[in-house]
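Input: a single structure, listed below in structure tokens.
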Amino acid sequence: MSQKPLTYADAGVSIDAGNALVKTIGPLARSTARPGATAELGGFGGIFDLKAAGYSDPLLVAANDGVGTKLKLAIETGRHEGVGIDLVAMCANDLIVQGAEPLFFLDYYATGKLGNEVAAAVVASIAEGCRQAGCALIGGETAEMPGMYAPGDYDLAGFCVGAVERDQVLTGANIAPGDLILGLASSGVHSNGFSLVRRIIAEHSWNLEEPLPSEGGKTLGEMLLEPTRIYVRQLLPAIQKGQIKGLAHITGGGLLENIPRVLPENCHAVVDTGLWDLPAIFALLQEGGNVAPEELARTFNCGIGMAVIVSEDNADELLSDQYLFTGAAQRIGRIEAGPRGCTVQGKAGTWNSTEDWSATHNA
């Protein structure tokens, strides 16, 4: 008996579906074009022209990240319109803390069977994230891998490159006792701690479609899937004016473990949680999981997505700047003399971190 000739499609991979997706997302990529990049897809690699972007003596800064198990909630609820913003945010926010302007972005989308409707929604949200960050989506990869993922599942990774003029790099070296810490509000849980979030949901069988009266009728799923705030446009003008000494993107580890990463020796951050209100979504998670206050502070951003370290002279000007910090910034602490680390204090207790932060992985 002769064997039927096999094709790639017989193995579960559709080249035609992949080509169709590229045609669909082409206009999305073009919508992110900026000086230095045309944002056209289809080549073997993306090209960026630093000279056209206006740089004279730039350093390149690169970051990569994913969205984590927040994707599971997006898949379960069928809400894919925000996860691409999360993907860009996790990379772009890591670039801005070093003073770098995000220039271009590449994504990696992997799934067991390519469903172009979901994939297009995800890429559309990536393009929206790029527009918010001011960077161009110049390429990416879509991988259809039967047997690697459960039906309907997919994974995302993002790669972003930025540039900063050599004399404007934020190193934190000039941070000194007496400086103030400003906190920029987060938009919610962002993209950290979702393994714990999902455990709490599972233990209580919470309904993700249940409206929350305290949140204007938004559902629990909508609150948890609120995209990560991108702080690039908010911060870049102040960085270029030399008004900011240091920035810390508050991801896993919270304020306690992220602020010390930008401090020089003999500087200790003291953060007072009594200076802002814990957003309702974190209070709900804390109660639902009986999460200890210190564990909450180490796992989630607790309402502060970016810590901004400035001199006292610049603090009032930045806080009054209607474009930069309208309704989303406040003083949350100060820098004191002491071992490099952070103390978070409030009604629930006081926690300290004074580890050797020079060896902390950039993640």
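Does ALA143 satisfy the condition of being open to solvent by 10 Å² or more (accessible area, probe 1.4 Å), over 18 Å from THR77 (Cα atoms) and without any contact (Cβ under 8 Å) to a residue 40 or more places away in the chain?
In short, yes.
Are any of the residues in region 30-40 open to solvent by 70 Å² or more (accessible area, probe 1.4 Å), out of contact with any Ser or Thr (no Cβ under 6 Å at 6 or more places or on another chain), at pLDDT 90 or above and not in a helix (DSSP H, G or I)?
No, region 30-40 contains no residue that is open to solvent by 70 Å² or more (accessible area, probe 1.4 Å), out of contact with any Ser or Thr (no Cβ under 6 Å at 6 or more places or on another chain), at pLDDT 90 or above and not in a helix (DSSP H, G or I).
I'd like to check something: does region 97-104 contain any residue that is part of a helix (DSSP H, G or I) and either in contact with a Gly (Cβ under 7 Å, 6 or more places away or on another chain) or more than 30 Å from LEU59 (Cβ to Cβ) (or both)?
no
Return the pair list, or none, for Cβ contacts closer than 8 Å from residues in region 204-215 that are under 15 Å from GLN286 (Cβ atoms) and free of Cβ contacts under 8 Å to residues at least 60 places away in the same chain to residues that are polar (S, T, N, Q) and surrounded by 12 or more Cβ atoms within 10 Å (Cβ to Cβ), at least 6 apart or on different chains.
Taking only residues 6 or more apart or on different chains, not a single pair turns up.
Can you name every residue in region 248-277 that is open to solvent by less than 20 Å² (accessible area, probe 1.4 Å), out of contact with any Gly (no Cβ under 7 Å at 6 or more places or on another chain), hydrophobic (A, V, I, L, M, F, W, C) and more than 12 Å from TRP351 (Cβ to Cβ)?
Selection gives ALA248, ILE259, CYS267.
For ARG229, all conditions in the list (1) at pLDDT 95 or above; (2) out of contact with any Leu (no Cβ under 9 Å at 6 or more places or on another chain); (3) open to solvent by 10 Å² or more (accessible area, probe 1.4 Å) hold save one; what is the number of the exception?
The single condition ARG229 does not satisfy is (2).
Out of (1) open to solvent by 60 Å² or more (accessible area, probe 1.4 Å); (2) touching a Lys or Arg at 6+ places or on another chain (Cβ under 7 Å); (3) under 30 Å from VAL310 (Cβ atoms), what's the single condition that is false for ARG198?
(3)
Of all residues in region 285-321, count the ones that are acidic (Asp, Glu), out of contact with any strand residue (DSSP E or B) (no Cβ under 6 Å at 6 or more places or on another chain) and within 15 Å of TRP351 (Cβ to Cβ).
Step one: list which residues in region 285-321 are acidic (Asp, Glu), which gives 287, 294-295, 312-313, 316-317, 321.
Pick out the ones that are also out of contact with any strand residue (DSSP E or B) (no Cβ under 6 Å at 6 or more places or on another chain) and you get 287, 295, 313, 316-317, 321.
If we keep only those that are within 15 Å of TRP351 (Cβ to Cβ) too, we end up with 295.
Residues in region 285-321 being acidic (Asp, Glu), out of contact with any strand residue (DSSP E or B) (no Cβ under 6 Å at 6 or more places or on another chain) and within 15 Å of TRP351 (Cβ to Cβ): 1 in total.
What number of residues within region 146-178 are more than 30 Å from LEU59 (Cα to Cα) and either aliphatic (A, V, I, L, M) or open to solvent by less than 30 Å² (accessible area, probe 1.4 Å) (or both)?
Summing the residues that are more than 30 Å from LEU59 (Cα to Cα) and either aliphatic (A, V, I, L, M) or open to solvent by less than 30 Å² (accessible area, probe 1.4 Å) (or both) in region 146-178 gives 3.
The values are calculated or read from the model by the stated rules, or taken from the named source; none is laboratory data. Every value quoted in this text rests on a predicted model; they were computed, and no experiment measured them. Note: ideal-geometry Cβ built from the backbone for every residue, glycine included; neighbour counts use all protein chains shown. Accessible surface areas use protein heavy atoms only, side chains included; no ligands, DNA or RNA. Shrake-Rupley method; radii C 1.70, N 1.55, O 1.52, S 1.80 Å.
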